[in-house]
Amino acid sequence: MELRDELQALRALIADRSAFLPGDLEKVTAAIQQNWMAAAFQDVSDECLRRYFSDHLKVLSSLSERCGKEGEDQIQEALLSLIDGLLDSRRSLLNENLFCPPAFIRREFARIGEHLKGWHCPLPSIPSDWLSVFLGSWDSLSLTFGQVRYLTVFIVGLGKARTEPETLCYLVTENFNHTGLFRSLTLTIKGDDLADLARLRSSLRAIPVRQGAAFDPSWCTLKEMIVGWLDEEIALRHEAPATLQEKLHLNTSVAHLACLLRLFYEEGFLFETSLTRIFRQVNGNIRTKKQSLISEGSLSKEFYATDQHTAGRVRDLLQRMLVRLNRKFFP
C-alpha cells in the first residue's frame, strides 16, 4: 500500500456539513487512525514517514483553525482528537516546528494553568512582571507544537519553585530562552555592582542545562545569553573610556536598524553571537538619521519589539534592493 492523503474523506465531510449523518464523523476518524497505523508499518524510509505524518498534522491544524472560526464544536473535538493521536503515537516522526491551531493552544493553556494557582513569582519586579504576563496570556500567542509541549512540562515544575534562587535555577536548567525574559533579567541586574555581577556569573556557570530543553530551539540557551551578557558587562566596567571615533551615518531609523539586525542575527549572517556585544558595537560605531548616539537600551527595546509597520518598511527596503540586484546582475 502506498502512502496517501488519508484526510480526503474528512475534508469532504467538513465541506458538506449539511449531509452529516449520525456516526459519519466517527467512522471517518476511525478509518484515518487505522490507515495511519497501517502506514507506520510500510516499507518506506523514516524521512518519508516524517513527511507523511507531518503533512497530515499540518492539514489537521489548518482545518481546526478554520472550524474554530465557524464554531463547529463537534468537528473541532474530532480534529483535536486526531491531532492528539498523532502527537501521542508518532511524535518522533512529526515536525514539531509546525504551528498549533488556536483551539489546541487554548485547551492546553486551560489544562496546565491549574499548576500555577496560588503561585507567586519570587523574582525581582521586572522579570516577575514579565513572566506573570507571559504565563497569563500565552494562549493568545502563535506557538509551535514543540513550544506548547515544552510549556506544559515547564509550567508544572515552575509552580514548585518557591524562592528566587530556585526559580532562576529552574529557568536556566529548563532553558526558558525567551528573549523577553532575557531582556527583563538584564534590566534588573544591570544596576548591580561589579562584585555582585561576578558572583552571579559564577553561580550561573555552575547550573547545568537539561539536554534538549529549549523554549525556542533556534536561539542559544538562556544560560549562554545571560553569562555572555555578564562577561561583556564586567569587561566593559574594567575598560578605560574608548577614544571617540567617527561613526557610520545610516539613512534609517533606530527601529528599522534594529529590525535589520534581528534578521541578520536570526539568519546567521553575523559571526558575533552575543547580542550585548552587537548592541555595543552599534552604539560605538553607527549613527542613524536622527540619533547620533544610539543607546543600548533603545536598540534592545526595538530589537525585541519590532511591530508590523516597522517590518513592512524594512520589507519594502529589501524588495527595492532585490529589484536593483536583479536589474544589475540578472537582466
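Buried (at least 17 other Cβ atoms within 10 Å of the Cβ) and closer than 30 Å to GLY159 by Cα: does that describe GLU77?
Numbers: buried (at least 17 other Cβ atoms within 10 Å of the Cβ): no; closer than 30 Å to GLY159 by Cα: yes.
In short, no.
What single numbered condition from (1) surrounded by 12 or more Cβ atoms within 10 Å (Cβ to Cβ); (2) among the hydrophobic types (A, V, I, L, M, F, W, C); (3) not in a helix (DSSP H, G or I) fails to hold for MET225?
Condition (3) is where MET225 drops out.
Per-residue answers, yes or no, for (1) at pLDDT below 90; (2) in contact with a strand residue (DSSP E or B) (Cβ under 9 Å, 6 or more places away or on another chain); (3) of a type in the set (Asp, Glu):
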residue	(1), (2), (3)
PRO241	yes, no, no
LEU244	yes, no, no
LYS247	yes, yes, no
CYS259	no, no, no
VAL282	yes, no, no
LYS289	yes, yes, no
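Quick one: in the range 261-283, of everything that is part of a loop (DSSP other than H, G, I, E, B) and of a type in the set (Asp, Glu), which residue is nearest to GLY191 (Cα to Cα)?
Residues of the range 261-283 part of a loop (DSSP other than H, G, I, E, B): 267-274.
Filter once more, keeping what is of a type in the set (Asp, Glu): 267, 272.
Details: GLU267: 32, GLU272: 25 Å.
Checked the range 261-283; the qualifying residue nearest to GLY191 (Cα to Cα) is GLU272.
Restricting to the range 309-319, and then to whatever is without any contact (Cβ under 8 Å) to a residue 24 or more places away in the chain and of a type in the set (D, E, K, R), can you tell me which residue is surrounded by the fewest Cβ atoms within 10 Å (Cβ to Cβ)?
Step by step, filter the range 309-319, then rank; the result is ASP316.
Within the range 29-59, which residues are among the β-branched types (Val, Ile, Thr) and either in a helix (DSSP H, G or I) or under 10 Å from LEU93 (Cβ atoms) (or both)?
Just the residues of the range 29-59 that are among the β-branched types (Val, Ile, Thr), to begin with: 29, 32, 44, 59.
THR29, ILE32, VAL59 - these are the residues of the range 29-59 that are among the β-branched types (Val, Ile, Thr) and either in a helix (DSSP H, G or I) or under 10 Å from LEU93 (Cβ atoms) (or both).
Quick one: how many residues across the range 154-178 are small (Gly, Ala, Ser) and either part of a loop (DSSP other than H, G, I, E, B) or not assigned by TED's automatic domain parsing to the domain that holds LEU222 (or both)? Full working, then the answer.
Applying the first criterion (small (Gly, Ala, Ser)) to the range 154-178 yields 157, 159, 161.
Add one more test, that the residue is either part of a loop (DSSP other than H, G, I, E, B) or not assigned by TED's automatic domain parsing to the domain that holds LEU222 (or both), and what stays is 159, 161.
Matching residues across the range 154-178 total 2.
List pairs: first in the range 284-308 and under 19 Å from TYR265 (Cβ atoms) and in a helix (DSSP H, G or I), second of a type in the set (S, T, N, Q) and at pLDDT below 85, Cβ under 6 Å, 6+ apart or cross-chain?
As it stands, the answer is GLU296/ASN283, since those pairs meet every condition given.
Cβ-Cβ below 8 Å, separation at least six or inter-chain, first residue in the range 133-159 and under 14 Å from PHE176 (Cα atoms), second part of a helix (DSSP H, G or I) and of a type in the set (D, E, K, R): which pairs?
Note: pairs meeting the criteria are VAL148/GLU108; LEU151/GLU108; THR152/GLU108; THR152/ARG111.
Given the criteria basic (Lys, Arg), in a helix (DSSP H, G or I) and touching a residue at least 40 places away in the same chain (Cβ under 8 Å), does ARG90 qualify?
Working: basic (Lys, Arg): yes; in a helix (DSSP H, G or I): yes; touching a residue at least 40 places away in the same chain (Cβ under 8 Å): yes.
Criteria met by ARG90.
The values are calculated or read from the model by the stated rules, or taken from the named source; none is laboratory data. Please read all numbers here as calculations on a predicted model, not as lab measurements. All Cβ positions, even for glycine, are placed from backbone atoms using ideal geometry, and neighbour counts span all protein chains on display.
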